[in-house]
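Peer 1: This is the structure I want to talk about, given as C-alpha cells.
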Ligand SMILES: NC(=O)c1ccc[n+]([C@@H]2O[C@H](COP(=O)([O-])OP(=O)(O)OC[C@H]3O[C@@H](n4cnc5c(N)ncnc54)[C@H](O)[C@@H]3O)[C@@H](O)[C@H]2O)c1
C-alpha cells in the first residue's frame with residue numbers, strides 16, 4: 001500500500017528529538033523524503049540515520065531556525081537533492097521553565113521569541129517562497145501548544161510565543177489559501193520529550209499535567225506526529241488556519 005506522503009519532500013525542524021524526530025520518522029514511513037534540521041548536529045544526523053536504516057530517504061541539516069540563512073539552507077537542500085518541497089513542519093522550540101513576567105529577563109525573552117516565533121516565521125516564509133516557485137500547493141504545520149490557547153501551561157515568554165504561533169498560522173493561511181497552500185498548527189498538551197524529561201521528575205508538574213488532562217496522562221511524541229501527518233496529508237485538504245488541540249482534553253475543560 002502506498003504511503004500517505006509517497007514521493008513528497010518534507011523539512012522538519014527540531015527533528016533531532018521528541019515530536020520532531022517522531023514526525024520525521026513517521027513521514028519517512030509514509031513515503032516522504034525528509035530533511036531533518038536541528039541545531040544539535042549529532043541529533044539531526046541520528047534521526048536521519050534512523051530513517052535510512054529503515055530504508056527511507058533522509059538528510060540531516062544542522063542549523064538554527066532563528067537564523068534565516070540556516071532555514072534557507074534546509075529548504076535549499078531539499079530542493080537541490082529532491083527537486084521540490086511539499087511539506088514544512090516548523091517544530092523547533094524551547095521552553096522558558098515556567099518563568100513569570102518579573103523573572104523574565106531580556107535574554108530569556110529574546111531567546112524564546114527568537115526561536116519559537118521568528119523561527120516559525122522564517123520557516124513559513126522560506127517554504128511559501130518555494131511553494132510559489134513550484135506553482136502553488138504545499139502544506140505547513142507549525143507546532144504551537146496548549147500554552148497558545150490560554151495561561152498556565154508555560155511562563156510569560158513561552159505562552160506569548162505560542163499565542164503568536166497561532167496568530168501567525170491563521171494570518172499566513174489566509175494570505176496564501178488562494179495559491180493552494182494550507183497552513184495549520186497543532187497544540188499539544190504535556191508530551192514526554194527532551195523538553196519535559198526533567199520537568200516530569202518534579203512531582204508537582206507531573207501531578208499538574210495529569211490533573212489538568214482529562215485523559216489523565218502525558219502524550220507520547222508519536223501521538224502528536226500522527227496529528228501532524230493528518231494535517232499535511234490529502235485527508236486534510238479542506239483544513240487551513242486551524243489550531244488543532246492534541247492535548248488529551250486539557251483545553252476542553
Ligand atoms: N513536550 C511538550 O510537552 C510540548 C507541549 C506543547 C508544545 N511543545 C512544542 O513541541 C515542539 C517540539 O518540542 P519537544 O517537546 O519535542 O522538545 P525537544 O526538546 O525534545 O525537541 C526540540 C528539538 O528542537 C531543537 N531546537 C531547539 N531550538 C532550535 C533552534 N533554534 N534551531 C533548530 N533546532 C532547535 C532541539 O535541539 C530539539 O532537538 C516545541 O515547539 C515545543 O514548544 C512541546
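Computed from the coordinates by the stated procedures, all read-outs in this text should not be read as laboratory data. Keep in mind the model is a prediction, meaning the values are calculated, not measured. Virtual Cβ from ideal backbone geometry, glycine too; neighbours counted across all protein chains shown.
Peer 1: Between residue 76 and residue 235, how high is the FRET efficiency from 1/(1 + (r/R0)^6) when r is the Cβ-Cβ distance and R₀ = 30 Å? Nearest 0.05. Intermediate values should be presented prior to the final figure.
Peer 2: On the way: r = 29 Å, r/R0 = 0.97.
Here the calculated transfer efficiency is 0.55.
Peer 1: Let me ask something else. Quick one: work out Rg over Rh on the C-alpha atoms of the chain, Rh as Kirkwood radius.
Peer 2: Values: Rg = 17.0 Å, Rh = 17.9 Å.
Rg/Rh for the chain comes to 0.95.
Peer 1: Separate question: Which of the peptides 33-41, 143-151, 123-131, 66-74 is most tightly packed, and how do the rest follow, judged by the mean count of other Cβ atoms within 10 Å per residue? The partial results should precede the final answer.
Peer 2: Details: 33-41: 24.9, 143-151: 22.3, 123-131: 20.8, 66-74: 18.9.
In descending order of packing, they fall as 33-41, 143-151, 123-131, 66-74.
Peer 1: Which shape class, rounded, prolate or oblate, goes with region 158-253 when its Cα gyration tensor gives a ≥ b ≥ c as root eigenvalues, a/c under 1.5 marks rounded, and past that a/b bigger than b/c marks prolate?
Peer 2: Numbers: a/c = 2.53, a/b = 2.03, b/c = 1.25.
It is prolate, given that a/c is not under 1.5 and a/b is the larger ratio.
Peer 1: Per DSSP H run of n ≥ 4, the term is -39500 (n - 2.57); total these for the chain, divide by its residue number, and report the mean residue ellipticity at 222 nm rounded to 500 deg cm²/dmol. Kindly include the intermediate steps, with their values, before the conclusion.
Peer 2: Values: 8 runs with 106 residues, N = 253.
When only DSSP H runs of four or more count, the value is -13500 deg cm²/dmol.
Peer 1: Mean projection of the alpha-carbon convex hull of region 47-176 over all orientations, in nm²? If you can, show how the numbers build up before the last one.
Peer 2: On the way: hull surface 35.8 nm².
Mean shadow area of the hull around the Cα atoms is 8.9 nm².
Peer 1: Relative contact order for the chain: what is it in percent, counting Cα pairs under 8 Å that are at least 6 residues apart?
Peer 2: Details: 554 pairs, mean separation 46.8, N = 253.
19 percent.
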